[in-house]
RNA sequence: GCGCUCUUAGCUCAGUUGGUUAGAGCGUACGCUUCACACGCGUAAGGUCGCAGGUUCGAUCCCUGCAGAGCGCACCA
């Protein structure tokens, strides 16, 4: 027995050494596995694209969970003989990354992005991204992730950029990408548009003001944003509202807070007669619903009263005031003029930008859009339909399945996707202008063309991830071998952001699914059930956890009993518990290996699997039970119940193998019957060997370290050893 | 408004197509330096499976209603 077993298991001293050895072996790469004969060249493929972490800093516990789950499937499939590939990469994360760096520069140097200029800012962001990237790669390795580093990708690198340009061009040519002047979600803080999904609604206290535009205006209206009323072009009422019937169609002029306005009364069924006065002042340029109503009645969108800095773009007393100040000024004016009728406290959902926290200011802007309700030429279907079909048909299976309903519900409400952003970090929109001419896809060779200033929504490039990582649009072997991918594993919180976009993009570009199964894990919360966040200071750093207790322990703590789609709680104590388990296994190995070497008697073949006939009835029964467990665990993993599989193997190791089988074997092992002693030692060795294999996907390091000392060792590494089957 | 989920031991959660005494981890109490392991071993306490009906020979599991908690989407003038 090697001396290392005389001391307690020390993950810190073991894990980095083991990972380096795995990396050195080349077995993370399926091609190498085939070359070295551990995988058959004609074996079926199994692929996962790692959800690329944002290059905004460090990995958190949610990432650790993601890595644990994916590595379990990858290691399991690899052991089962599949040509297994797990593609690593990172995401440039456009707005997220740029806003982190901008904040940093503002804080340290007091400069804005415009002080630096496009080129300099990009340099700074790239330096930051490179630093984050190095940290992230280090963390991925520390968690034991068996990623194929030879295939690492970045959403903004050359190959991925070509994929982006190719898909953009195809969508443009198909008429699905258009440039349109429409109302957008403008983030005044980030100085960019954002998509509907990047909005977070926050509940806030607000005041609802009831007033008239002027003394002789016949209808009172209610609003929480009086400052926008200088941009009103109409008042809408419900068509069946008898109170206002007689005014519909009439037009009025007024001077509202120094601004001349012209108001038409229209009837529209969108209006709720029971809210406020039942009459709505329409501000088409600064409200999504007003914009739509204005469309239906041929009203102007042109009256813009708020600018990109959330200041008033009018003359008079409101000129250049911030919207909040303007609101006070308007309310004061209304009071002075005797027009204010009521002031009520209400709670309101305020739209804020997910990344910057800025309050969204709806504005009309010329932007690029993906049209989701238009029939695709030659396909006879819309993008929406392309998103629904593979999930409805079962070609893509979502786990847990109830998220399919959420998915469909979201798609039903989906509107056109605004894909242009007024930031600098990201894929520049592949469109060039020269006067009235437009070129899309590739930069024209002649002089005089100017590229669009904007960049693409980061989800446009991550939507291509399953195939852009495989070298598409080139006709690569990887693409042919590994697409569609088998599993997409991610948190349910980005089902819409990412999973839906991947289905959209892949169905459009390839006419195929991006993945067969979507496994959605829950959110990782602290011991008190709170979301982990910097401001609360309740973050558990996965790197610190794995240094303290071992990556194996962190992985087990994250996986055992955590069902897909359900949030989980994690604490240091829980992780510590599995460190104890790793040590328990270590001591089991110590005992078994010591017994084995005592009984060995110079027979070199004794450790190989012997016939059942050589075992006692008791021993055969133990082997039968182990076969049963093997079968159960195999089925559980195949059916995505890894939380159960992990718990079962844990329970078996501690409470069956250690507590019962080893305890019950002690008298035999120290008894006088030599052949019984040998038989029992072999049994223990066989069980340990089996347990190491079954546990390896979950706790790769400690199992590999023990395996290296096993007389039953039949491959260079446990990571490419054969998964046990009960049929043997 | 539309939709989804959850409610099981003090805490956190499992419970694999309804079937004999409902499980785990942590925690608690008591006892063990027993020659693999104190990162351990042994023993014990602890649940009318949210409530009310229904289906069934039989329900924690299926159906309906109610109550409480959480979440998504839309709206919020």
Segment A:584-728 - convex hull of alpha carbons, volume per residue in Å³: 103 Å³
Which FRET efficiency, nearest 0.05, do residue A:381 and residue A:196 yield, Cβ-Cβ r, R0 30 Å? 0.85
Centre separation in Å (Cα based) which lies between segment A:1-63 and segment A:202-259: 65 Å
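What's the exposure ranking of A:237, A:331, going from fewest to most Cβ atoms within 10 Å?
Values: A:237 23, A:331 18.
Fewest to most other Cβ atoms nearby, the residues stand as A:331, A:237.
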Those residues of segment A:559-595 whose amide nitrogen sits under 16 Å from the label point placed on residue A:655, 7 Å along Cα→Cβ: A:560-561, A:578, A:581
Going by average Cβ density within 10 Å per residue, which order do the peptides A:704-713, A:321-330, A:63-72, A:241-250 take, highest to lowest? A:63-72, A:704-713, A:321-330, A:241-250
By average C-beta atoms within 10 angstrom, highest first, the peptides A:345-351, A:540-546, A:140-146: A:140-146, A:540-546, A:345-351
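Would segment A:498-625 count as rounded, prolate or oblate if I go by the C-alpha gyration tensor, calling it rounded below 1.5 in a/c and otherwise prolate when a/b exceeds b/c, oblate otherwise?
Numbers: a/c = 3.13, a/b = 1.63, b/c = 1.92.
Oblate, because a/c is 1.5 or more while a/b does not exceed b/c.
Which shape class applies to segment A:648-718: rounded if a/c is under 1.5, otherwise prolate when a/b exceeds b/c and oblate if not, where a ≥ b ≥ c are the square roots of the Cα gyration tensor eigenvalues? Walk me through the numbers before you get to the answer.
Values: a/c = 3.28, a/b = 1.53, b/c = 2.14.
It comes out oblate by the Cα gyration axes.
For A:494, A:513, what's the fewest-to-most ordering of other Cβ within 10 Å of each Cβ?
Values: A:494 16, A:513 21.
If I rank by nearby Cβ atoms, fewest first, I get A:494, A:513.
Can you give the FRET efficiency for residue A:666 and residue A:406, using 1/(1 + (r/R0)^6), R0 = 41 Å, r = Cβ-Cβ distance, to the nearest 0.05? Intermediate results must be reported in sequence, preceding the final value.
Working: r = 54 Å, r/R0 = 1.33.
Result of the calculation: an efficiency of 0.15.
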Starting from the Cα of residue A:576, step 7 Å along the direction of its Cβ; do the same at residue A:241; then give the gap between the two resulting points in nm. 6.3 nm
Over what distance in Å are the Cα centres of segment A:366-427 and segment A:77-141 separated? 27 Å
When you take every Cα atom in segment A:322-469, what is the radius of gyration, and what is Dmax, the widest Cα pair distance, in Å? 22.5, 65
Among DSSP beta bridges whose residues both lie in chain A, state the antiparallel percentage, nearest 5. 70 percent
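Round to the nearest 0.05 the FRET efficiency obtained for residue A:714 and residue A:109 when R0 = 41 Å and r is the Cβ-Cβ distance.
Details: r = 60 Å, r/R0 = 1.47.
My answer for the efficiency is 0.10.
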Once you have the Cα-Cα distance between residue A:439 and residue A:32, take 0.36 nm times their residue separation minus that, and quote the gain in nm to one decimal. 142.2 nm
Using alpha-carbon positions, what is the distance between the centroids of segment A:661-680 and segment A:480-549, in Å? 49 Å
Fewest first, what order do A:718, A:629 take by the number of other Cβ atoms within 10 Å? A:629, A:718
Using a basic spin-label model with each label point 7 Å from the Cα along Cα→Cβ, how many nm lie between residue A:275 and residue A:328? 2.8 nm
Chain A, relative contact order [Cα under 8 Å, separation at least 6], %: 17 percent
With -39,500 (n - 2.57) per DSSP H segment of 4 or more residues and division by the full residue count of chain A, the 222 nm estimate, nearest 500 deg cm²/dmol, is -12500 deg cm²/dmol
May I ask you to order A:180-186, A:270-276 by the average number of other C-beta atoms within 10 Å around their residues, highest value first? A:180-186, A:270-276
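For residue A:341 and residue A:204, calculate 0.36 nm times their separation in residues minus their Cα-Cα distance, and state this gained length in nm to one decimal.
Details: separation 137, 0.36 × 137 = 49.32 nm, distance 2.28 nm.
Net length gain for the segment: 47.0 nm.
Just subtract the alpha-carbon distance of residue A:616 and residue A:395 from 0.36 nm times their residue separation and send over the number in nm, one decimal. Before the final figure, lay out the partial values.
Details: separation 221, 0.36 × 221 = 79.56 nm, distance 4.93 nm.
Value of the extension gain: 74.6 nm.
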What is the spin-label model distance, in nm, from residue A:477 to residue A:566 if the labels are put 7 Å beyond Cα along the C-beta direction? 4.5 nm
Determine the shape class of segment A:435-551: with a ≥ b ≥ c the square roots of the Cα gyration tensor eigenvalues, call it rounded for a/c under 1.5, and otherwise prolate if a/b is greater than b/c, oblate otherwise. prolate
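FYI, it's all coordinate maths here, none of it is from the lab. Note that this is a predicted model, so its numbers are computed, not measured. Ideal geometry is used to build each Cβ from the backbone, glycine not excepted, and the neighbour counts take in all protein chains shown.
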